[in-house]
Amino acid sequence: MPATIDLHCHSTISDGLYSPEELVAYAHAQGVKVLALTDHDDMGGLSRARRAAEQHGMQFINGVEISVTWKKRTLHIVGLKVNPDYAPLKAALDAVKQGRLDRAKLMAEGLEKVGIEGSFEGAQAMAGNSIMTRSHFARFLVEAGYVKDVKTVFKKYLVKGKPGFVEHEWMTLEEAVTLIKDSGGVAVIAHPGRYDLGRTNMPLLMHQFRMCGGEAIEVVTGSHTPPQYSQFAKIAHQFSLKSSLGSDFHGPGMSYMAMGRIAELPANCIPVWQDWEEGKHLN
Ligand code: AMP
Ligand code: MN
Ligand code: MN
Ligand code: MN
């Protein structure tokens, strides 16, 4: 049986392909009963998604996925049950939005050096009012005919060492966790299997995250393999962290997994939603 809860996905407010309303309707059609919207660095879709979820009789959780720099790496911290009106969190995310705009200009300069013109304007047209992400550049490059698909764009242009890649300083781990917590939310390490952390850094991250108030890690996510579900269930247990679950859905053909297809948490995990009123609607 696939899980009927999904605590990680994206709308057009960041780099997803569906509007908040379309995303909720899609989740409902896929059998999701409890949904968190977790756009990158932006909480602008939450009230729209909540309204749509109410219309479909679904439980809705406010969420956000914050980009963080830790030991020269970019990590993602999901905040669940955040308060979108908490001013310090809003202000910090506004600053990230501006930082993303500055980064996008530098990315476009890098791409111009290899003969790709107009990518800032192109990516901005893709983003509309949303934050500027690498995904918007990728879509522009595909649409303009430079590259055949998004996956290839990332490999050729947008990852470290490639012309469109720009090193960027995001929030610190402590800042992100503190803002999430102080807004009333729960901090979760997103897709920990994706960071290429070695034997030293993985436990160090878990320890530091726990010390600054982090409470859970994603055990089941669209980008983990079943052996990783077991690996991270064990790590969660070792570090007294709860477990979360989410597809990381961005749109049809865009993500590792469709919504409503994701496995349930391994039996020995403590679900992050264990004490939540919303979680009581799962059975
Ligand atoms: P940014 O936060 O602007 O650096 O953009 C990161 C986003 O790009 C991620 O959230 C993914 O949605 C997307 N992304 C990263 N790597 C890839 C990849 N190899 N293929 C497709 N999308 C990717
Ligand atoms: Mn994304
Ligand atoms: Mn992520
Ligand atoms: Mn995500």
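Structure notes:
- For the range 179-283, the relative contact order comes to 24 percent (Cα pairs under 8 Å, sequence separation of at least 6).
- Cross-link pairs Lys234/Lys280; Lys181/Lys242; Lys113/Lys160; Lys151/Lys242; Lys90/Lys162 - those with Cα-Cα distance over 21 Å: Lys234/Lys280; Lys151/Lys242; Lys90/Lys162
- Across the alpha-carbon set of the range 133-283, the Rg to Rh ratio works out to 1.01, Rh being the Kirkwood radius.
- Ordering of 29-39, 201-211 by packing [mean C-beta count within 10 Å, highest first]: 29-39, 201-211
- Annotation: amide H-H contacts under 5 Å for Met171 (H modelled 1.01 Å from N, sequence separation of 5 or more, or interchain): Thr69.
- Taking the average, over residues, of other Cβ atoms within 10 Å as the packing measure, peptides 104-112, 267-275 rank 104-112, 267-275 from highest down.
- Normalised alpha carbon radius of gyration of the range 117-220 [divisor 2.2 N^0.38 Å]: 1.35
- Local electrostatic count, Gly184, Cβ distance below 15 Å [Lys/Arg +1, Asp/Glu -1]: -3
- Length-normalised contact order of the chain in % [C-alpha pairs under 8 Å, at least 6 apart]: 22 percent
- The range 78-137: relative contact order as a whole-number percent, Cα under 8 Å and 6+ apart: 27 percent
- Using only side-chain charges placed at the Cβ, +1 for Lys and Arg and -1 for Asp and Glu, the dipole size of the chain relative to its Cα centre rounds to 800 debye.
- In whole percents, the pair-distance distribution calculated for the range 35-183 from its alpha-carbon pairs, binned every 10 Å from zero, is 11, 36, 31, 18, 3, 0.
- Relative compactness, the chain, computed as alpha-carbon Rg over 2.2 N^0.38 Å: 0.97
- Calculated accessible area for the chain comes out at 45 Å² per residue, all protein chains present (probe 1.4 Å; ligands, DNA, RNA ignored).
- Ranked by the mean number of other Cβ atoms within 10 Å per residue, highest first, peptides 1-11, 155-165 order as 1-11, 155-165.
- Helix-derived mean residue ellipticity, 222 nm - over the chain, DSSP H n ≥ 4, -39500 (n - 2.57), to 500: -11000 deg cm²/dmol
- Protein heavy-atom surface of the range 66-147, 1.4 angstrom probe: 50% of the accessible area is carbon and sulfur, with nucleic acids and ligands not counted.
- Rh (Kirkwood; distinct C-alpha pairs) - the range 59-142, Å: 14.5 Å
- Order of exposure, largest accessible area first, which applies to Phe60, Phe239 with probe 1.4 Å: Phe239, Phe60
The values are calculated or read from the model by the stated rules, or taken from the named source; none is laboratory data. What you see is a predicted model, and the numbers here were worked out from it, not measured in a lab. In this analysis, Cβ positions are derived from the backbone assuming ideal geometry, glycine residues included, and neighbour counts consider all displayed protein chains. Ligands, DNA and RNA are excluded from the accessible area calculation, which covers all protein heavy atoms including side chains. Shrake-Rupley method; radii C 1.70, N 1.55, O 1.52, S 1.80 Å.
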